[in-house]
Amino acid sequence: MKAFKITVAAVAAMFASVPLFAQNPIIKGTFTADPSAHVFNGRVYVYPSHDIPAPADYNRKDWFCMADYHVYSSDDLVHWTDHGVIVDQATVPWLGNKKSYSMWAPDCNYKNGKYYFYFPANNAIGVAIADKPEGPFVHQPTAIRGAGGIDPCIFIDDDGTPYLVWSGMGLQVCKLKDNMVELDGASSRVNDIPRGMTEGPFMFKRKGIYYMTFPWVEKERETLAYCTSDSPMGPWKFRGKFMEQSETVCWTNHHSFIEFKGQWYLFYHHNDYSPYFDKNRSVCIDKVEFNEDGTIAMVKPTIRGVGVTKATEEIQIDRYSQLGPENVKVDFVHSDSPFDGWKAIFWNTTQYRQPIWLSYERVDFGSKPLKSVQLRTYAPAGGTIQLRADSLQGPVIAEVKVKDSMEWTMPTAELRSQLQGVHTLYVLMTDGSHVEVDWVKFAE
């Protein structure tokens, strides 16, 4: 079959190797959703869809709008590289409407020395092939015959047999031929799922058990639920939920699982950067645990996320692990520019006498002595921020005096205690009525 090379190299070069630093959400500066994560060559690659504001030529201003795909990678789940555009709707050879903005949830996997990227558009599923996980990818000239639907998932069993899973009028599973671009026989429908499953399948295998996972609407919004089987073709047994629906108004969720360095992780999305429009979403990660019988323990979304933050980088304490009393809250630094991130707001009244604090887990202080700490703060009436290690009663690392100012300032302080290795950072306001903190950063 003749292949067509994607002509987006110039666009991709603009984004290639852009470093991104994140907790949850993990990608900053652009909207990402429907994350498909895989481990290739010891590195994690995430293939999400890409939410964009609806352009003038797209009449659904209130709906999902996606025109292309990026790929991101990391070796520590903290520092992410944007490798740029790998597929664009304008270059798909079989797509009649080059402005459909329907480039929904994709997936990618490795076989026969190649990386195969599967993506939906206009109720069809296409394939692009590359020699490296970040591309460049080369389109196949036609969509996969017989696989009409959305949200493809490509699963490769231990014996090398590939399976394609997709949704639309239920979930379908079918073997692929060894060429990875043609169905091999009839598909099998995943039955016995209570009403509410509409999209987003992801299949994986652990300790001989096949897991078919998917978004499932139990009430108003999508939870994440699953079935298990002894075979990738079923029959399947419904097992229930492993993530509850969003506590805020984000109607969708979509996910994937990986095992990385001995720990299982769940990738999913939420509308953190777009709280008032849930069609612009962002990818998050949290740890997954399995019960002894193989069932998935409930996963509670966090804003701290996963991974270790270096003390010498900007520690975004607004992505906290634990929040103290009601006198601490989180808000955007700039309400009209969400990608600038959040800030922690500490405030007090004469009636409130309890400690005002939050904690941030997994800060690596390294092995070399650190000398000082800097904060980015806003405090109209001034105040004092105290940093402690590992508990509210732990050793005082530093006390930072924040001068009164109507502008953001960056006060510093010498360290009182020396730490090595990984610790939990406690941040307390010990004096003042209103202090806002954007980040904390230690220096040698």
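The values are calculated or read from the model by the stated rules, or taken from the named source; none is laboratory data. Please read all numbers here as calculations on a predicted model, not as lab measurements. Quick reminder, even Gly has a Cβ in these numbers, built from the backbone with ideal geometry, and neighbours come from all protein chains shown.
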The one condition in (1) more than 17 Å from Val283 (Cβ to Cβ); (2) surrounded by fewer than 19 Cβ atoms within 10 Å (Cβ to Cβ) that Gly126 fails to fulfil: (2)
Condition check for Leu415: aliphatic (A, V, I, L, M), buried (at least 17 other Cβ atoms within 10 Å of the Cβ), closer than 15 Å to Thr309 by Cβ and in contact (Cβ under 8 Å) with a residue 12 or more places away in the chain: no
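Residue under question is Ala105, and the condition is that it be in a strand (DSSP E or B), under 24 Å from Tyr163 (Cα atoms), touching a strand residue (DSSP E or B) at 6+ places or on another chain (Cβ under 6 Å) and in the same structural domain as Asp158 (by TED's automatic domain parsing); does it hold?
No, not satisfied.
For the range 335-367, enumerate the residues that are assigned to a loop (DSSP other than H, G, I, E, B), of a type in the set (Gly, Ala, Ser) and on the phi < 0 side of the Ramachandran plot.
Pass one, the range 335-367, residues assigned to a loop (DSSP other than H, G, I, E, B): 335-337, 341, 348-355, 365-367.
Those left that are additionally of a type in the set (Gly, Ala, Ser): 335, 337, 341, 366-367.
Listed by number, the residues that qualify are Ser335, Ser337, Ser367.
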Name the residue, out of Gln322, Gln316, Gln351, that is at pLDDT below 95 and assigned by TED's automatic domain parsing to the domain that holds Val435. Gln351
From the residues in the range 88-121 that are in contact with a Gly (Cβ under 8 Å, 6 or more places away or on another chain) and surrounded by fewer than 17 Cβ atoms within 10 Å (Cβ to Cβ), which one is nearest to Phe155 (Cα to Cα)? Lys111
Is it true that some residue in the range 99-119 is free of Cβ contacts under 8 Å to residues at least 12 places away in the same chain, of a type outside the set (Phe, Trp, Tyr) and in contact with a helix residue (DSSP H, G or I) (Cβ under 7 Å, 6 or more places away or on another chain)? no
I need every pair where a residue in the range 355-369 that is within 14 Å of Gln322 (Cβ to Cβ) and assigned by TED's automatic domain parsing to the domain that holds Gln23 has its Cβ under 7 Å from the Cβ of a residue that is of a type outside the set (A, V, I, L, M) and part of a strand (DSSP E or B), sequence separation at least 6 or different chains. none
Which of the strands (runs of 3 or more DSSP E) found entirely inside the range 136-200 contain at least 3 residues meeting this: within 22 Å of Pro35 (Cβ to Cβ)? 150-156, 162-167
Exactly one of these conditions fails for Glu244: (1) touching a residue at least 40 places away in the same chain (Cβ under 8 Å); (2) under 28 Å from Thr91 (Cα atoms); (3) among the acidic types (Asp, Glu). Give me its number. (2)
I'd like to know if the range 90-101 contains one or more residues that are in the same structural domain as Met66 (by TED's automatic domain parsing) and assigned to a strand (DSSP E or B). no
Residues that are within 12 Å of the chain's Cα centre (by Cα), at least 1 per element: which strands (runs of 3 or more DSSP E) completely within the range 227-292 meet that? 256-260, 263-270, 282-288
Quickly run through the range 108-132 and pick out the residues that are in a loop (DSSP other than H, G, I, E, B) and touching a Ser or Thr at 6+ places or on another chain (Cβ under 7 Å). Asn122
Among all residue pairs at least 6 apart or on different chains, which show Cβ distances below 6 Å where the first residue, located in the range 133-161, is among the aromatic types (Phe, Trp, Tyr) and the second is in a loop (DSSP other than H, G, I, E, B)? Phe137/Ile6
Yes or no: Pro232 out of contact with any Phe, Trp or Tyr (no Cβ under 6 Å at 6 or more places or on another chain), in the same structural domain as Cys174 (by TED's automatic domain parsing) and not polar (S, T, N, Q)? no
Options Pro380, Pro325: the member that is exposed (fewer than 15 other Cβ atoms within 10 Å of the Cβ), touching a residue at least 24 places away in the same chain (Cβ under 8 Å) and in contact with an Asp or Glu (Cβ under 7 Å, 6 or more places away or on another chain): Pro380
